[in-house]
Amino acid sequence: MNIGIIGVGYVGLVTGACLADQGNNVICMDVDASKISLLSGGRIPYYEPGLPQLLERNSAAGNLSFTTDLSLCMKSAEYLFICVGTPEGEDLFTDLRAINTVTDNLCNLLERNVVIVVKSTVPAGTTRKIYNKLQCALRESHKQLEVEVVSNPEFLSEGCAVEDFLIPDRIVIGTENGHLSEKMTRLYQNFINEKIPVMHTIYENAEMIKYASNALLAAKISYMNEIAAICEFYKADVRVVAQGMGYDRRIGNLFLKAGAGYGGSCFPKDTNALLLLGEQAGCAPGIVRETIKTNQNQIKLMLEKIKRNVEPLNGSMIGVLGVSFKPETDDIREAPAVAVIEQLLQEQAGVKVYDPRAMESFRRGSAKFELESEPDHGVICCSNAYDACTNVECIVLFTEWKEFEKLDFGYVRKLVSKPVFLDFRNFLSPEKLRGHGFVYEGIGVR
Ligand code: UGA
């Protein structure tokens with residue numbers, strides 16, 4: 001098949017590369033010329049395991065290419081995937097400007113029959129509006145074309161996005177047109193087996209499935225963070241509680257990890273959007289509201305923990321291990337670490353930061369921080385974990401990168417000026433850290 005991908009963020013690039021790897025001809029388009037030039041030169045603007053190999057293999061084979069020219073991307077496309085960003089606007093509503101611009105451009109440029117696949121996360125009702133707009137444009141321009149639109153939300157987690165695409169939990173195909181459903185199933189036939197449910201449903205259901213899934217996953221995390229706070233008071237251990245809960249198949253053992261809270265480019269914006277969509281609908285989605293509130297409260301809670309252990313914060317030096325919002329990504333968007341670092345700086349503490357993959361995005365995204373300035377006020381970017389732990393009064397772990405498990409904690413103990421270890425992902429063994437003479441605290445951990 002000939003496929004065009006519009007928007008090469010995480011979703012567009014993973015989708016394009018995986019479809020190319022299945023033998024399709026894929027052209028990816030983006031308005032960001034610097035991104036396209038990087039990708040054309042075989043480089044990926046962010047870290048995603050498995051993606052470099054797919055890019056290399058399929059670019060070399062000639063079935064994956066990149067352009068800034070939308071007409072070129074559309075020229076022979078039988079399927080056009082819309083994967084542009086739908087970020088949070090200043091009013092917290094989903095900012096649909098990029099997808100609206102793409103739709104307008106499609107209205108003007110369409111010259112052949114095509115299936116338009118909406119992958120971007122959009123509020124219920126958006127795909128139908130796109131469909132109506134395109135049909136109206138075709139009528140007005142007297143173009144006799146068959147242009148179909150399908151809602152096909154993505155469920156890709158950063159860090160394992162390639163695997164999520166190749167072995168999905170489910171495929172959701174939103175269209176009321178049976179013939180189009182079949183076409184989409186054919187496109188995905190290599191990924192489908194008897195274990196992977198393919199859901200055929202209407203636009204609005206497909207769109208809601210995406211928001212409702214993300215919000216429930218976020219709610220599980222906030223719920224466990226509430227349980228962690230209660231565990232802390234009663235001297236229970238939330239890790240053990242989560243394990244016991246997870247054996248219940250109705251609950252499941254995933255997304256029960258208490259810690260720094262959820263970040264990233266999806267959960268924070270999608271929970272905010274769902275709250276507003278609910279309020280607009282005249283409902284009061286209390287669970288979604290409290291999920292957001294609990295997540296925001298984790299930042300305060302972590303700061304209080306640091307303050308309890310570092311007295312006074314003003315003029316102290318804190319070592320930060322991990323700034324990405326989760327491991328296996330260099331993405332720092334809405335990362336809890338960044339929010340806490342901002343607060344620490346406001347309180348006049350100095351911060352030494354190390355992340356195995358995210359230092360570059362941290363430097364780029366942290367223009368507001370005073371980087372490598374005075375030694376005890378501002379942020380010092382370190383090239384390894386040991387540097388970030390040297391002469392600090394407290395080590396704070398925000399991201400559960402595997403390499404942190406392998407640190408020589410006996411040596412780390414000698415580097416610090418005060419042995420306090422705050423593990424905000426409950427990642428390391430309290431016994432081990434305490435054995436090395438650290439005061440160890442997690443989130444809801446004994
Ligand atoms: C999320 C969803 O998991 C994907 O299914 C979805 O497609 C994607 O959003 C999206 O909307 O595009 P992602 O944001 O990449 O994917 O990351 P997750 O693995 O879901 O983690 C989100 C946050 O929750 C991270 O900060 C992580 O550390 C945190 N988390 C996760 C916890 O605090 N506890 C847990 O038990 C699990």
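The values are calculated or read from the model by the stated rules, or taken from the named source; none is laboratory data. It should be emphasised that the depicted structure is a prediction, and the values quoted were computed from it without experimental measurement. Quick reminder, even Gly has a Cβ in these numbers, built from the backbone with ideal geometry, and neighbours come from all protein chains shown.
A few points about this structure:
- Filtered residues of the stretch 9-30 (kept if of a type in the set (A, V, I, L, M, F, W, C) and farther than 14 Å from Pro45 by Cβ): Cys18, Leu19, Ala20, Val26, Ile27, Met29
- Failed condition for Val420, given (1) under 26 Å from the mean Cα position of the chain (by Cα); (2) buried (at least 21 other Cβ atoms within 10 Å of the Cβ): (1)
- Within the stretch 27-59, if we keep just the residues that are of a type in the set (A, V, I, L, M) and assigned to a loop (DSSP other than H, G, I, E, B), the residue that is farthest from Gly4 (Cα to Cα) turns out to be Ile44.
- Residues in the stretch 80-106 that are closer than 19 Å to Val150 by Cβ, part of a helix (DSSP H, G or I) and among the β-branched types (Val, Ile, Thr): Ile99, Val102, Thr103.
- Matching entry among Ser181, Ser141, Ser213, Ser157 (being of a type in the set (Gly, Ala, Ser) and either buried (at least 17 other Cβ atoms within 10 Å of the Cβ) or touching a strand residue (DSSP E or B) at 6+ places or on another chain (Cβ under 8 Å) (or both)): Ser181
- Within the stretch 256-289, tally of residues that are under 30 Å from Arg446 (Cβ atoms) and of a type in the set (Lys, Arg): 1
- Of all residues in the stretch 240-266, those that are without any contact (Cβ under 8 Å) to a residue 24 or more places away in the chain have Cβ atoms under 8 Å from Cβ atoms of residues that are in a loop (DSSP other than H, G, I, E, B) and within 6 Å of the ligand (Cβ to nearest atom), 6 or more apart or on another chain, in Ala242/Leu256; Ala242/Lys257; Met245/Leu256; Gly246/Leu256.
- Every residue from the stretch 107-141 that is away from the ligand (no atom under 16 Å from the Cβ) and part of a strand (DSSP E or B): Val114, Val115, Ile116
- For the stretch 410-425, filtered to residues that are part of a loop (DSSP other than H, G, I, E, B) and within 18 Å of Gln298 (Cβ to Cβ), the residue that is nearest to the ligand (Cβ to nearest atom) is Arg425.
- Listed conditions (1) on the phi > 0 side of the Ramachandran plot; (2) touching a Lys or Arg at 6+ places or on another chain (Cβ under 6 Å) are all met by Gly42, apart from (2).
- Selected residue [at pLDDT 95 or above and either of a type in the set (Gly, Ala, Ser) or away from the ligand (no atom under 13 Å from the Cβ) (or both)] from Glu163, Glu182, Glu204: Glu204
For (1) buried (at least 19 other Cβ atoms within 10 Å of the Cβ); (2) within 15 Å of Tyr79 (Cα to Cα); (3) of a type in the set (Phe, Trp, Tyr), each residue gets a yes or a no:
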residue: Asp91; (1), (2), (3): no, no, no
residue: Arg97; (1), (2), (3): no, no, no
residue: Thr101; (1), (2), (3): no, no, no
residue: Arg112; (1), (2), (3): no, yes, no
residue: Val115; (1), (2), (3): yes, yes, no
residue: Val122; (1), (2), (3): yes, no, no
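- Residue within the stretch 335-356 that is assigned to a loop (DSSP other than H, G, I, E, B), over 26 Å from Gly315 (Cα atoms) and at pLDDT 95 or above present: yes
- Search result, residues across the stretch 250-271 that are surrounded by fewer than 19 Cβ atoms within 10 Å (Cβ to Cβ) and either part of a helix (DSSP H, G or I) or more than 10 Å from the ligand (Cβ to nearest atom) (or both): Arg250, Ile251, Gly252
- A Cβ distance below 8 Å, combined with a sequence gap of six or more or placement on separate chains, defines the contacts here; from the stretch 27-49, residues that are closer than 17 Å to Gly85 by Cα reach residues that are of a type in the set (Asp, Glu) in the pairs Met29/Asp69; Ile36/Asp30; Tyr46/Asp330; Tyr46/Asp331.
- Residues satisfying the stated conditions in the stretch 227-239, i.e. surrounded by fewer than 19 Cβ atoms within 10 Å (Cβ to Cβ) and either closer than 25 Å to Leu156 by Cβ or more than 15 Å from the ligand (Cβ to nearest atom) (or both): Ile230, Phe233, Tyr234, Lys235, Ala236, Asp237
- Criterion applied to Leu13, Leu54, Leu19 was being among the hydrophobic types (A, V, I, L, M, F, W, C) and surrounded by fewer than 24 Cβ atoms within 10 Å (Cβ to Cβ), and the one residue passing it is Leu54.
- Cβ pairs under 7 Å, 6+ apart, first in the stretch 283-295 and under 11 Å from Thr271 (Cα atoms), second surrounded by fewer than 20 Cβ atoms within 10 Å (Cβ to Cβ) and of a type in the set (Gly, Ala, Ser): Pro285/Gly278; Val288/Gly278
- Residue within the stretch 274-290 that is assigned to a loop (DSSP other than H, G, I, E, B) and either surrounded by 20 or more Cβ atoms within 10 Å (Cβ to Cβ) or among the acidic types (Asp, Glu) (or both) present: no
Residues are listed down the side, and each one gets a yes or a no for (1) over 20 Å from Thr127 (Cα atoms); (2) part of a loop (DSSP other than H, G, I, E, B); (3) within 16 Å of the ligand (Cβ to nearest atom); (4) at pLDDT 95 or above:
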residue: Lys143; (1), (2), (3), (4): yes, yes, no, no
residue: Val149; (1), (2), (3), (4): no, no, no, yes
residue: Arg186; (1), (2), (3), (4): yes, no, no, no
residue: Asn190; (1), (2), (3), (4): yes, no, no, no
residue: Glu194; (1), (2), (3), (4): yes, yes, no, no
residue: Leu216; (1), (2), (3), (4): yes, no, yes, yes
residue: Asn225; (1), (2), (3), (4): yes, no, yes, yes
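- Taken over the stretch 60-79, residues that are part of a loop (DSSP other than H, G, I, E, B) and within 27 Å of the chain's Cα centre (by Cα) amount to 1.
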